[in-house]
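The values are calculated or read from the model by the stated rules, or taken from the named source; none is laboratory data. The structure presented is a predicted model; accordingly, all values stated were derived computationally and were not measured. Positions of Cβ are generated from backbone atoms using ideal geometry, with glycine treated the same way; all protein chains shown enter the neighbour counts. These area figures cover heavy atoms from the full protein model, side chains too; ligands, DNA and RNA do not enter into them. Shrake-Rupley method; radii C 1.70, N 1.55, O 1.52, S 1.80 Å.
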Amino acid sequence: QVQLVESGGGLVQPGGSLRLSCAASGSISAINAMGWYRQAPGKQRDLVAAISGGGTTNYADSVKGRFTISRDNAKKTVYLQMNSLKPEDTAVYYCNKLLDPRLEWGRGTQVTVSS
């Protein structure tokens with residue numbers, strides 16, 4: 001059973017940066033496209049960034065130019081570098097496979113952008 005563990009969240013001021021990590025335990029194929037998702041209170045979980053097994057990336061318009069997704073297949077880890085953070089980026093951030101069947105969701109990591 002593969003488990004996903006997200007980390008790196010925290011409280012940051014507007015304009016600040018954070019780097020999130022998502023480590024997969026267990027066997028997971030390096031060819032899987034992975035995504036970072038976020039869920040704000042009272043809202044649905046949305047995809048914000050995705051990366052293919054070969055490293056091709058895509059971003060939601062709301063984070064394009066500010067967020068960068070990357071992966072280290074040897075470490076079975078996916079990263080999300082977040083710069084120029086805004087209060088509207090406040091959410092719990094999760095990672096998972098991009099396509100079904102998805103893995104069991106981890107606990108996520110809370111990102112709060114506030115002055």
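I'd like to verify a number: residues in the stretch 74-115 that are open to solvent by 70 Å² or more (accessible area, probe 1.4 Å) and without any contact (Cβ under 8 Å) to a residue 60 or more places away in the chain, how many?
7
Please find, within the stretch 44-62, the residue that is most open to solvent (accessible area, probe 1.4 Å) out of those that are under 17 Å from K86 (Cα atoms) and not in a strand (DSSP E or B).
D61
Residues in the stretch 68-115 that are within 15 Å of P14 (Cβ to Cβ) and either outside any loop (DSSP other than H, G, I, E, B) or in contact with a Gly (Cβ under 7 Å, 6 or more places away or on another chain) (or both): how many?
Keep residues of the stretch 68-115 that are within 15 Å of P14 (Cβ to Cβ), which gives 82-91, 111-115.
Filter again for either outside any loop (DSSP other than H, G, I, E, B) or in contact with a Gly (Cβ under 7 Å, 6 or more places away or on another chain) (or both), leaving 82, 84-85, 87-89, 91, 111-113.
The number of residues fulfilling the criteria is 10.
Kindly establish whether T57 is polar (S, T, N, Q) and in contact with a Phe, Trp or Tyr (Cβ under 7 Å, 6 or more places away or on another chain).
Details: polar (S, T, N, Q): yes; in contact with a Phe, Trp or Tyr (Cβ under 7 Å, 6 or more places away or on another chain): no.
Considered against the rule, which asks whether it is polar (S, T, N, Q) and in contact with a Phe, Trp or Tyr (Cβ under 7 Å, 6 or more places away or on another chain), T57 comes out as no.
Can you tell me which residue among G65, G15 is open to solvent by 70 Å² or more (accessible area, probe 1.4 Å), modelled with pLDDT of 95 or more and on the phi > 0 side of the Ramachandran plot?
Details: G15 fails: open to solvent by 70 Å² or more (accessible area, probe 1.4 Å).
Just one listed residue meets the conditions, G65.
Among the residues in the stretch 26-38, are any open to solvent by 30 Å² or more (accessible area, probe 1.4 Å), assigned to a loop (DSSP other than H, G, I, E, B) and at pLDDT 95 or above?
Our first condition is that a residue be open to solvent by 30 Å² or more (accessible area, probe 1.4 Å); within the stretch 26-38, this holds for 26-32, 38.
Still in the list and also assigned to a loop (DSSP other than H, G, I, E, B): 26-32.
Next, only the ones that are at pLDDT 95 or above stay: none.
Among the residues of the stretch 26-38, not one is open to solvent by 30 Å² or more (accessible area, probe 1.4 Å), assigned to a loop (DSSP other than H, G, I, E, B) and at pLDDT 95 or above, which makes the answer no.
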